[in-house]
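Before any comments, here is the structure.
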Amino acid sequence: MVPRSAPSYRTLASISRITLLLHLQRRGTMTVGDLAEAAGLHPNTAREHLQRLVDDGFITCQPETRETKGRPRMLYSAAAGTAEPGSVRAAKAEAAQRRGDLVRKLLPLEAVDTSPRQCQMDALDDHLDASGFDSDHDPDGTHVHLHDCPYSEMVKLHPEVCTVHFGLIKSLLEQTEGPLRAERMHPLAGPDTCTLDLLVRVLEPALAADTSPPVVIYAPADY
C-alpha cells in the first residue's frame with residue numbers, strides 16, 4: 001500500500017524511532033543520553049531520530065531548568081495534553097479541522113455535524129490517513145477498524161509498534177477536546193484488520209456540544 005502522506009509514514013516506519021518513542025511513552029521525560037542507552041543507539045544517531053520525531057510533532061523537546069552555569073541538557077517527552085499554539089501538533093489539528101470542514105461543505109445541510117465528537121473523529125481520520133492506514137467506523141462510532149497496516153512487516157518482529165501507535169492515538173484524542181477516548185486496541189482482530197475501541201465520556205455541560213446520549217464501551221480483552 002502506498003501511504004497517502006509520506007512524511008508521517010516514513011517517520012513511524014523506523015524501528016529506532018519507534019523504540020525511542022516507546023521509551024518516552026513509558027518512562028516520561030528523558031535526556032538524549034538516557035534514550036541512546038535505552039535504545040542501544042549512538043547518541044548522535046539517537047539525536048537525529050529524536051529531531052525527526054520533534055519535527056513531525058510526535059515528541060517535544062525543552063531545555064532543562066537549572067540554576068548552575070553551563071549548557072542545559074535537552075529533555076525529551078512524548079507529546080501529550082493540549083497542544084501549544086503554533087506547535088506542530090496544533091498545526092496538524094488545525095489542518096484536520098480544515099479538511100473536515102471542506103468535506104462537510106459537500107454534504108446536505110441537515111447532515112452536517114460540527115460537534116466536538118466529530119472534530120475528534122476528523123483528527124483521528126487525518127492521523128490514520130497520514131500514517132498510511134485505510135479505516136472505517138461502526139455506525140455508532142465506538143469502534144474503528146484499521147486495514148492494510150503499512151507497518152505489518154515491522155509488527156511481526158516488533159509487536160511494540162502497535163503499543164506505540166495506540167499511545168499516539170490516545171494522545172491525539174486527548175489533545176482534541178471532546179468526549180472520545182481511546183480505550184483499547186485489538187491487533188489483528190480480523191484478517192489484516194486491527195480494531196480500536198473508543199469510549200464516549202459524559203462531558204461537562206460547558207463542553208457537551210454533542211447532545212446525543214452518551215455510550216460507554218468497555219472491551220473485556222486487555223491490549
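The values are calculated or read from the model by the stated rules, or taken from the named source; none is laboratory data. Because the structure is a prediction, the values reported are computed rather than measured. In this analysis, Cβ positions are derived from the backbone assuming ideal geometry, glycine residues included, and neighbour counts consider all displayed protein chains. Note: areas computed on protein heavy atoms with side chains; ligands, DNA, RNA excluded. Shrake-Rupley method; radii C 1.70, N 1.55, O 1.52, S 1.80 Å.
Of all residues in the range 172-198, those satisfying the criterion of being hydrophobic (A, V, I, L, M, F, W, C) and assigned to a strand (DSSP E or B) are Leu180, Ala182, Met185, Leu188, Ala189, Cys194, Leu196, Leu198. For Leu22, the conditions (1) part of a helix (DSSP H, G or I); (2) free of Cβ contacts under 8 Å to residues at least 40 places away in the same chain; (3) crowded, with 17+ Cβ neighbours inside 10 Å are fulfilled apart from (2). Residue pairs whose Cβ atoms lie under 6 Å apart, separated by 6 or more positions or on different chains, with the first residue in the range 54-73 and part of a loop (DSSP other than H, G, I, E, B) and the second surrounded by fewer than 11 Cβ atoms within 10 Å (Cβ to Cβ), are Pro72/Pro63; Pro72/Arg66. Taken over the range 115-135, the criterion of being under 14 Å from Ala182 (Cα atoms) and touching a Pro at 6+ places or on another chain (Cβ under 7 Å) is satisfied by Arg117 alone. Scoring Lys156 on the criteria (1) under 17 Å from the mean Cα position of the chain (by Cα); (2) within 20 Å of Arg17 (Cβ to Cβ); (3) not aliphatic (A, V, I, L, M) leaves a single failure, condition (1).
Of all residues being acidic (Asp, Glu) and modelled with pLDDT under 90 in the range 163-200, which is nearest to the chain's Cα centre (by Cα)? Just the residue, please.
Taking the range 163-200 first, the residues acidic (Asp, Glu) are 174, 177, 183, 192, 197.
Narrowing further to those that are modelled with pLDDT under 90: 174, 177, 192.
Numbers: Glu174: 9, Glu177: 14, Asp192: 20 Å.
Filtering first and then ranking leaves Glu174.
Among the residues making up the range 27-55, those that are open to solvent by less than 60 Å² (accessible area, probe 1.4 Å), in contact with a helix residue (DSSP H, G or I) (Cβ under 9 Å, 6 or more places away or on another chain) and of a type in the set (Gly, Ala, Ser) are Gly33, Ala36, Ala38, Ala39, Ala46.
Within the range 136-171, the set of residues being open to solvent by less than 30 Å² (accessible area, probe 1.4 Å) and in a helix (DSSP H, G or I) comprises Val161, Cys162, Val164, His165, Phe166, Gly167, Leu168, Ile169, Ser171.
Among the criteria (1) at pLDDT below 85; (2) of a type outside the set (Lys, Arg); (3) more than 20 Å from Ala96 (Cβ to Cβ); (4) in contact with an Asp or Glu (Cβ under 9 Å, 6 or more places away or on another chain), the one Ser152 does not fulfil is (1). The condition of being of a type in the set (A, V, I, L, M), outside any loop (DSSP other than H, G, I, E, B), modelled with pLDDT of 90 or more and out of contact with any strand residue (DSSP E or B) (no Cβ under 6 Å at 6 or more places or on another chain) holds for only one of Ala38, Ala95, that being Ala38.
Look through the range 172-182, keep the residues that are of a type in the set (D, E, K, R) and in contact with a helix residue (DSSP H, G or I) (Cβ under 9 Å, 6 or more places away or on another chain), and return whichever of them is least open to solvent (accessible area, probe 1.4 Å). The residue in question is Arg181. Once the range 56-79 is narrowed to residues that are of a type in the set (Asp, Glu) and farther than 17 Å from Thr19 by Cα, the residue that is least open to solvent (accessible area, probe 1.4 Å) is Glu64.
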